[in-house]
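Here the structure is laid out as structure tokens; the discussion comes afterwards.
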Amino acid sequence: MPQLAQVGVPMGGGCAWEEQKDPPGVKSFLQAKYNVGAKIRQSPSRVLGQPSGVLRQQSGVLSVSGFPSETLSSAQGINVEDAFCAIADLFYERLKKEDTIDARRKEDFAKDIDNAPALTHAERDFISSSMKLAEEVSAKANRVSGTVNEPVEKFLWRSEKGGAAVAMSVAKMDVSAVSLVAELWLLDTYAKKVENKNRKICEVWSNLNGTRGQQYTTSLGLPGGFKDRLFETWFTWEMTIDEEGRSTFIIAFAPFEIYEGMHHEVIGAEKMVEATTRGVFIVKELTENTCECTRAQQGYLKFSSAMPVSALDLIAKK
């Protein structure tokens, strides 16, 4: 993102920042701040004049919705641009904190791997069956046309029994294996919450019954008048080390109905159609800062009428 001085945009008081020092997750916010600031200059009443806006002024004090402890003194009236900049800075500071918390959680995951609860027999059986799925797909799947020279290789396989296809993707990543696993495993980071903000349901429960496992309950909106789908999924993971000292991580997931333990329920689930997904992530360490990630996944959206095979394949490829 170019610095504001380079694009020649004048800013009101309190809006200075150093773009090059910002954490990666904040850069998109800075761009949004710049874009909205430009709109305010063009038509401040249209941007900030809505009753539901974040600005509220009472008795000479400007407060920010969502930041109850933060107020801005306004003895001489409020300049709209300066007010927005002050509010944007509050959100900016909050986002920096959230980025920091996410980064620390990922670091803690990497540091505490050796201290994770021992796998239960059920978890070991679960991981073993998930690996068999990946092995079967690897042996029988056909490459998706047009992906030969792509950075992500894609494959598709359907059992002779029919049903939903199993999709598989393979990619080499310029990131350490443990960093990628932390990104995949931590489903409730601030970044993931922003990513899933449009889902009606998205909940995570970790350390189920003192195990490594977690329950991930999320919804999926469908077009065309179809009811939303609800996925309740059990996740667990394992790490192995080969003879050369390289790590391989396995994250297995399957419908939560196979988990024999506590089940967390969510409000609103009864209005949705239950769907399922199962599969596995296999992350192999190549070097200290590179890895290979394989994902095999199958999903059942459970439509009442049969869908064309081509439509099922399209869903799987996604």
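The values are calculated or read from the model by the stated rules, or taken from the named source; none is laboratory data. Bear in mind that the values here come from a model prediction, so they are computed numbers and not experimental data. Ideal geometry is used to build each Cβ from the backbone, glycine not excepted, and the neighbour counts take in all protein chains shown.
Count, please, the residues in the range 118-177 that happen to be part of a loop (DSSP other than H, G, I, E, B) and among the basic types (Lys, Arg). Spell out the reasoning first.
Taking the range 118-177 and keeping what is part of a loop (DSSP other than H, G, I, E, B), we get 118-120, 141, 144-151, 158-165, 174-176.
Imposing the further condition that a residue be among the basic types (Lys, Arg) reduces the set to 158, 161.
Looking only at that region, the number is 2.
Of all residues in the range 125-145, how many are surrounded by fewer than 17 Cβ atoms within 10 Å (Cβ to Cβ) and either more than 21 Å from Ala177 (Cβ to Cβ) or in contact (Cβ under 8 Å) with a residue 12 or more places away in the chain (or both)? Outline the logic, then answer.
Here is the first cut: in the range 125-145, the ones surrounded by fewer than 17 Cβ atoms within 10 Å (Cβ to Cβ) are 125, 128-129, 131-132, 135-136, 138-140, 142-143, 145.
Of the ones still in play, those that are also either more than 21 Å from Ala177 (Cβ to Cβ) or in contact (Cβ under 8 Å) with a residue 12 or more places away in the chain (or both) are 125, 129, 131-132, 136, 138-140, 142-143, 145.
So the count comes out to 11.
Exactly one condition in (1) of a type outside the set (Phe, Trp, Tyr); (2) under 16 Å from His264 (Cα atoms); (3) out of contact with any Phe, Trp or Tyr (no Cβ under 7 Å at 6 or more places or on another chain) is not met by Val204; state its number.
(3)
Checking the conditions here, which among Val148, Val178 is surrounded by 13 or more Cβ atoms within 10 Å (Cβ to Cβ) and aliphatic (A, V, I, L, M)?
Values: Val148 fails: surrounded by 13 or more Cβ atoms within 10 Å (Cβ to Cβ).
One residue alone meets the criteria, Val178.
Among the residues of the range 162-220, count how many are among the charged types (D, E, K, R) and either under 17 Å from Asp102 (Cβ atoms) or not assigned by TED's automatic domain parsing to the domain that holds Lys140 (or both).
Initially, the range 162-220 is screened for residues among the charged types (D, E, K, R), giving 172, 174, 183, 188, 192-193, 195, 197, 199-200, 203, 212.
Remaining after also requiring either under 17 Å from Asp102 (Cβ atoms) or not assigned by TED's automatic domain parsing to the domain that holds Lys140 (or both): 183, 188, 192-193, 195, 197.
Matching residues across the range 162-220 total 6.
For the range 305-313, state whether one or more residues are under 19 Å from Leu156 (Cβ atoms), surrounded by 14 or more Cβ atoms within 10 Å (Cβ to Cβ) and at pLDDT 95 or above.
The answer is no; no qualifying residue exists.
This table checks each residue for (1) at pLDDT below 90; (2) in contact with a helix residue (DSSP H, G or I) (Cβ under 6 Å, 6 or more places away or on another chain); (3) under 29 Å from Lys111 (Cα atoms).
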{"residue": "Thr147", "(1), (2), (3)": "yes, no, no"}
{"residue": "Lys154", "(1), (2), (3)": "no, no, no"}
{"residue": "Ser176", "(1), (2), (3)": "no, no, yes"}
{"residue": "Leu187", "(1), (2), (3)": "no, no, yes"}
{"residue": "Glu203", "(1), (2), (3)": "no, no, yes"}
{"residue": "Thr211", "(1), (2), (3)": "no, no, yes"}
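Is there a residue in the range 191-198 that is in contact with a Ser or Thr (Cβ under 8 Å, 6 or more places away or on another chain), of a type outside the set (Asp, Glu) and under 29 Å from Thr120 (Cβ atoms)? Quick ask: steps written out before the conclusion?
The initial filter retains those residues of the range 191-198 that are in contact with a Ser or Thr (Cβ under 8 Å, 6 or more places away or on another chain), namely 196.
If we keep only those that are of a type outside the set (Asp, Glu) too, we end up with 196.
Applying the additional criterion that residues be under 29 Å from Thr120 (Cβ atoms) yields 196.
Yes: one or more hits.
Need the failing condition index for Asn115 against (1) surrounded by 14 or more Cβ atoms within 10 Å (Cβ to Cβ); (2) without any contact (Cβ under 8 Å) to a residue 24 or more places away in the chain; (3) not hydroxyl-bearing (Ser, Thr, Tyr), just the number.
Single failed check for Asn115: (1).
Residues of the range 275-291 being free of Cβ contacts under 8 Å to residues at least 60 places away in the same chain and loosely packed, with under 15 Cβ neighbours inside 10 Å, which ones?
Within the range 275-291, the subset free of Cβ contacts under 8 Å to residues at least 60 places away in the same chain is 275-277, 287.
Residue satisfying the conditions is Thr287 alone.
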